[in-house]
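Remarks on the structure that follows.
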Amino acid sequence: MTLGRELGDGPEPSRWDGGAEKEDFDARKKKKVEVIYEALSSDPIDVAALRRMAISEGGLLTDEIRCKVWPKLLNVNTSDPPPVSGEDLRQVSKDYQQVLLDVRRSLRRFPPGMPDEQREGLQEELIDIILLILERNPQLHYYQGYHDIVVTFLLVLGKRLTTSLVEKLSTHHLRDFMDATMENTKHILNYLMPIIDQVNPELHDFMQSAEVGTIFALSWLITWFGHVLSDFRHVVRLYDFFLACHPLMPIYFAAVIVLYREQEVLDCDCDMASVHHLLSQIPQDLPYEMLISRAGDLFIQFPPSKLAVEAAAQQEAESTAASTFKDFELASAQQRPDMVLRQRFRGLLRPEARTKDVLTKPRTNHFVKLAVMGLTVALGAAALAVVKSALELAPKFQLQLFP
C-alpha cells in the first residue's frame, strides 16, 4: 500500500511564474523519470545512477518510484519473503508497552482526513513491524523516535517492504541510535558544532557562549526529521537524500539548517534558554533543495574524518553505523559513484576557486553572510561522494524527548 504522494507535482509559485519555466520543469521531471527507469532496467541495476537521482533536485519524485528505488539503495531483494515470527511478540516483547505508547501518540504522522479504521490498521502494522525487527535483532535497542522513521517507510512502501528495508536500515544507518547506552548518538551530535565552526566561526562562538549544546537537534537526527516536519513531502524528500548517502549526512543537514538561520540565532539573547527555544522550533518553509545541496557540498569539503578529532575523543566502535557502512556500501553498490562525482565537483570549480569558494567565513568578519558556491542544485549530486567517504569513528546519548 502506498499513498501515492508526489513531490514533483510542480514548482513553487514564487520560483516558477511563467509558462516557459513550467514547461522546462515538466521536461526535466520527465527526463529524470526516464533516467530512473533506465537505471532500474539495466543489468546490473545502475545503483550509482539511482543514487544520483535520489540526491539531485526533486529526489525520487513519487512514492511509486520510491517503492522501486529505496530497496535498491539498501540492497534489499524484494522477491525474498518478508520475515515472520513464530511467537506472539506482543506477549513476550519487553518493548511492547513503550512501542504501544509511542505509536498511539503518532496520530499527526498520518495524513489528515485518513479514515480512523485505516489509520488504526496502519498503527497495528507499525507495532508488529517494530517488534519483529527487535526480536530478529536482539543487539538492537528500541528508542523513542524509532517509530517516526518506521511509519514513514510504512506510509510509502506498505508493510511487506517496510519490514525488510527498516531491518536493513536499523543494522546500518540507524545502528548508532540503537545501541544499549545511546553513547554513539551523543558522539554523532558532537559533529554538529565542528561543522558550524568550519563554515561560520562567529555563529559557532555565539552558540558556545550561550552554552546551548546540541540537544535541540536530537529529535532531528534520530527520526531523520520525521518527528519535526509537518509536510510529508519534505520528509520523504529528505529520506531520498539520506538513503543515498553516508549515515552521518543527517547531522550535516542539521548543521546547514542552523547556518541558514544564522541571523535569527545572532539576534537572540545569548543564553541557553533563548537559543535552544529558537532552534528547537524548526521552520516548516525551509528551502529544502538548497539546503540539501549545501549539506552535500559541506560533506565533501569537511568529511567526518577531518572533523573527528574535534567531534570527540578517538573511539573504535565495531558495531556502529560508521564502522559498518563501508562493508554495507561495498555490498550494496554495484557501481562506485564517488570518484566520478568528486572529479565532477572539482571540475566545476575554477582552479582559483577551489581554495576561495569553500563555504566558510573568517572569524574576524562579523557581517559577511554565508557564502554560497556558484553551483547549481544539481551539483548537490556531488554529495554522492557521501556514499564512500571514509569515516573513521562513530559517535555516543541519552534521550527522552518525544511529546
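Where a number appears in this text, it was derived from the coordinates with a stated rule and is not lab data. Keep in mind the model is a prediction, meaning the values are calculated, not measured. Cβ atoms come from the backbone with ideal geometry, glycine included; neighbour counts cover every protein chain shown.
In nm, give the distance between the simple-model label positions of Glu38 and Ser274, each being 7 Å from the Cα along the Cα-to-Cβ direction.
The answer from the label model is 5.5 nm.
Determine the distance separating the Cα centre of the stretch 267-281 from the Cα centre of the stretch 58-111; give it in Å without decimals.
Taking the Cα centre of each part, the stretch 267-281 and the stretch 58-111 sit 35 Å apart.
For Cα pairs less than 8 Å apart in space and 6+ apart in sequence, what is the mean separation divided by the residue count of the stretch 100-257, i.e. the relative contact order in percent?
Working: 125 pairs, mean separation 36.2, N = 158.
Contact order relative to length: 23 percent.
Amide H to amide H, which residues 5 or more places from Thr62 or on other chains are under 5 Å from it, using H placed in the peptide plane?
HN-HN under 5 Å from Thr62: Leu7.
Excluding Ile55 itself, calculate the net charge of residues whose Cβ lies under 11 Å from the Cβ of Ile55, where each Lys or Arg counts +1 and each Asp or Glu counts -1.
Around Ile55, the charge tally is 0.
Residues in the stretch 123-166 near a label at Ile215, defined as backbone nitrogen under 20 Å from the 7 Å Cα→Cβ point?
Of the residues in the stretch 123-166, 143-146 have backbone N under 20 Å from the label point off Ile215.
Work through the residues other than Leu140 whose Cβ is under 14 Å from its Cβ and net out their charges, Lys, Arg +1 and Asp, Glu -1. Could you put the intermediate results ahead of the total?
Numbers: positive: Lys94, Arg136, Lys168, Arg175; negative: Asp95, Glu135, Glu167, Asp176, Asp179.
Neighbour charge sum, excluding Leu140 itself: -1.
What net charge do the residues around Lys31 carry, taking every other residue with its C-beta under 14 Å from that of Lys31, with Lys and Arg at +1 and Asp and Glu at -1? Before the final figure, lay out each step's value.
Details: positive: Arg28, Lys29, Lys30, Lys32, Arg52; negative: Glu23, Asp24, Asp26, Glu34, Glu38, Glu57.
Surrounding charge for Lys31 is -1.
List, in order, the whole-Hz ³J(HN,Hα) value for each residue of the stretch 29-45 obtained from phi through the Karplus relation with A = 6.51, B = -1.76, C = 1.60 and θ = phi - 60°; use x for Gly and Pro.
5, 4, 5, 5, 4, 4, 5, 4, 5, 5, 5, 5, 8, 6, 10, x, 4
Would any residue of the stretch 160-177 have its amide N under 19 Å from a label point 7 Å out along Cα→Cβ of Gln98? List them or say none.
It comes to 167, 170-172, 174-177, nothing else.
Grab the eigenvalues of the alpha-carbon gyration tensor for the stretch 19-169, scale each by 5, take roots, and send me the semi-axes largest first in whole angstrom.
33, 20, 12
Send over the Kirkwood Rh of the stretch 119-214, from the inverse of the averaged 1/r over different Cα pairs, rounded to one decimal Å. Show your work: numbers first, answer last.
Values: mean 1/r = 0.0653 Å⁻¹.
Hydrodynamic radius (Kirkwood, Cα pairs) of the stretch 119-214 is 15.3 Å.
In percent, what relative contact order does the stretch 206-290 have, based on Cα pairs under 8 Å that are 6 or more apart in sequence?
Working: 55 pairs, mean separation 36.8, N = 85.
Reported as a whole number, the value is 43 percent.
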